Amino acid sequence: MGKEIKTEILINASPAKIWAILTNFEAYPNWNPFIKSIKGEAKIGNTIIARLEPPKASGMTFKPTILAFEENKEFRWMGHLFIPGLFDGEHIFELIENGNGTTTFLQREKFNGILVPLFKKMLDNNTVNGFNEMNKKLKELAETP
């Protein structure tokens, strides 16, 4: 069973400015309403510790593995609930430079596993809302002079 959720927002800032905010994990508790913390070195193959708290849902801490970390372009990880195959999530942040001083920020997640159908309603509501809240806060920060 698979499912993908995807959000995007247009930000009036360069990919470099957005990337600097997105990869400053120490500051997440101060601004990020969805991903409350990330601990560990962001390097391909490394395991990090991430705390997610979707709006109106229980938060969870998990240990995803970084799949991609390309400066000013993409940050991607794969996490699992308990063991691989139950409920796996590939979380993707993409920055697309539009060539006019703006950047399209995409946040999406691909879910797979036998438990995905049980979480469908939460993913469609709470998780999407969490993505959108984070995107808006990131936009506010990046557009502040």
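Since every read-out is calculated from the coordinates, none of them should be taken as a lab result. Since the model is a prediction, treat every value here as computed from it, not as a measurement. Don't worry about glycine lacking a Cβ; one is built from the backbone with ideal geometry, like all the others, and counts go over all protein chains shown.
Looking across 144, 65, one residue alone is closer than 20 Å to residue 22 by Cα, among the β-branched types (Val, Ile, Thr), surrounded by fewer than 16 Cβ atoms within 10 Å (Cβ to Cβ) and over 16 Å from the mean Cα position of the chain (by Cα). It is 144.
Being small (Gly, Ala, Ser) and within 15 Å of the chain's Cα centre (by Cα) is the filter here; which residues of the stretch 1-26 pass it?
20
For the stretch 93-104, state whether one or more residues are aliphatic (A, V, I, L, M) and touching a helix residue (DSSP H, G or I) at 6+ places or on another chain (Cβ under 7 Å). Within the stretch 93-104, one or more residues are aliphatic (A, V, I, L, M) and touching a helix residue (DSSP H, G or I) at 6+ places or on another chain (Cβ under 7 Å).
Is it the case, given these coordinates, that residue 8 is farther than 24 Å from residue 83 by Cα and acidic (Asp, Glu)? Criteria met by residue 8. Right, residue 73: among the basic types (Lys, Arg), surrounded by fewer than 16 Cβ atoms within 10 Å (Cβ to Cβ) and touching a residue at least 40 places away in the same chain (Cβ under 8 Å) or not? Criteria met by residue 73.
When 82, 93 are screened for being touching a residue at least 60 places away in the same chain (Cβ under 8 Å) and either farther than 22 Å from residue 31 by Cβ or under 12 Å from the mean Cα position of the chain (by Cα) (or both), only 93 passes. Looking across the stretch 108-136, the residues that are of a type outside the set (A, V, I, L, M) and loosely packed, with under 15 Cβ neighbours inside 10 Å come down to 117, 120, 121, 124, 125, 136. Scanning for something of a type in the set (Lys, Arg), over 27 Å from residue 44 (Cβ atoms) and in contact with a strand residue (DSSP E or B) (Cβ under 7 Å, 6 or more places away or on another chain), does the stretch 67-79 turn up at least one residue? No.
Is it the case that the stretch 109-119 has a residue that's assigned to a strand (DSSP E or B), under 22 Å from residue 20 (Cα atoms) and touching a Pro at 6+ places or on another chain (Cβ under 6 Å)? No, the stretch 109-119 has no match at all. Candidates are the residues of the stretch 1-32 that are outside any helix (DSSP H, G or I) and among the small types (Gly, Ala, Ser); the one that is surrounded by the most Cβ atoms within 10 Å (Cβ to Cβ) is 13.
Let's see how each residue does on (1) of a type outside the set (D, E, K, R); (2) assigned to a strand (DSSP E or B); (3) more than 14 Å from residue 134 (Cα to Cα); (4) out of contact with any Cys (no Cβ under 7 Å at 6 or more places or on another chain):
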{"position": "51", "(1), (2), (3), (4)": "no, yes, no, yes"}
{"position": "54", "(1), (2), (3), (4)": "yes, no, no, yes"}
{"position": "58", "(1), (2), (3), (4)": "yes, no, yes, yes"}
{"position": "82", "(1), (2), (3), (4)": "yes, no, yes, yes"}
